[in-house]
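> Quick one: this structure, given as structure tokens, is what I'll be asking you about.
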Amino acid sequence: MPKEIPLPQSPEELLERLFTIFPQYRERYNGPIHDDEPTFHSVLIGFGWFPLATCSEAELRDFGTLASAAVEHGGALGNAFETCVLEHLHQRRAERALRPFLSRTARERTKA
């Protein structure tokens, strides 16, 4: 089970957490993917281009902890991580890099 961490309570908090984990993402961020109110899904869809496979071990560990905690918690945030990140790790060529930092439950949500 992943260590207890406070989960983002809003899409804006999720975006700030991504900026904290990946400072280079903040530098390249071009804004939301649409004009509607952000959702957990839209934030993670917008994050989809970010090259996880090139990130540091510390960044991957922090992101894996966040993703695992979100999946364990469930709800809209957990669903967004499952459908927008974990199910597409192989397509992003990031599964090998991130998988070691995911909980068993989160690893089960990735497609082999």
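Bear in mind that the values in this text are calculations on the coordinates, not laboratory data. Quick caveat: nothing in here was measured; it's all calculated off a predicted structure. Note that each Cβ is placed from the backbone with ideal geometry, even for glycine, and that neighbours are counted across all protein chains shown.
> Subtract the Cα-Cα distance of T83 and S56 from 0.36 nm times their separation in residues, and report this length gain in nm to one decimal. Present the calculation step by step, with values, prior to reporting the outcome.
Working: separation 27, 0.36 × 27 = 9.72 nm, distance 2.36 nm.
Result: 7.4 nm gained on full extension.
> Quick one: plug the Kirkwood hydrodynamic radius of segment 64-107 (C-alpha pairs) into Stokes-Einstein at 20 °C, 1.002 mPa s, and report D in µm²/s.
Taking Rh from Cα pairs, D becomes 212 µm²/s.
> While we're here: Could you tell me, in Å, what Rg and Dmax come out for the Cα atoms of segment 21-70?
11.7, 34
> At T105 and E72, where each label point lies 7 Å from the Cα along Cα→Cβ, what is the point-to-point distance in nanometres?
0.7 nm
> Let me ask something else about it. Among F47, N79, P100, which residue has its Cα positioned farthest towards the positive end of the charge dipole of segment 40-112, with +1 placed on the Cβ of Lys and Arg, -1 on the Cβ of Asp and Glu, and the dipole taken about the Cα centre?
Final value for the positive-end residue is P100.
> Here is a follow-up. Can you pull out the trypsin sites (Lys or Arg not before Pro) in segment 11-112 whose DSSP state is coil and whose Cβ has at most 13 other Cβ atoms within 10 Å? Let's see the in-between values first.
Working: sites: R17, R26, R28, R61, R92, R93, R96, R104, R107, R109, K111; in loops: R92, R93, R109, K111.
Within segment 11-112, the qualifying trypsin sites (Lys or Arg not before Pro) (loop, at most 13 other Cβ atoms within 10 Å) are R93, K111.
> Further question on the same structure: Over the chain, how many percent of alpha carbon pairs lie in each 5 Å bin up to the one with the longest distance?
Calculated P(r), rounded to whole percents: 2, 13, 25, 28, 22, 9, 2, 0.
> Continuing with the same structure: Enter the Cα centre distance for the pair segment 9-32 and segment 51-112, rounded to the nearest angstrom.
16 Å
> Please list, in order along segment 76-90, the HN-Hα scalar couplings obtained from phi with the Karplus expression 6.51 cos²θ - 1.76 cosθ + 1.60 (θ = phi - 60°), rounded to whole Hz, x for Gly and Pro.
Residue by residue, segment 76-90 yields 5, 5, x, 4, 5, 5, 4, 7, 9, 10, 5, 5, 10, 4, 5 Hz.
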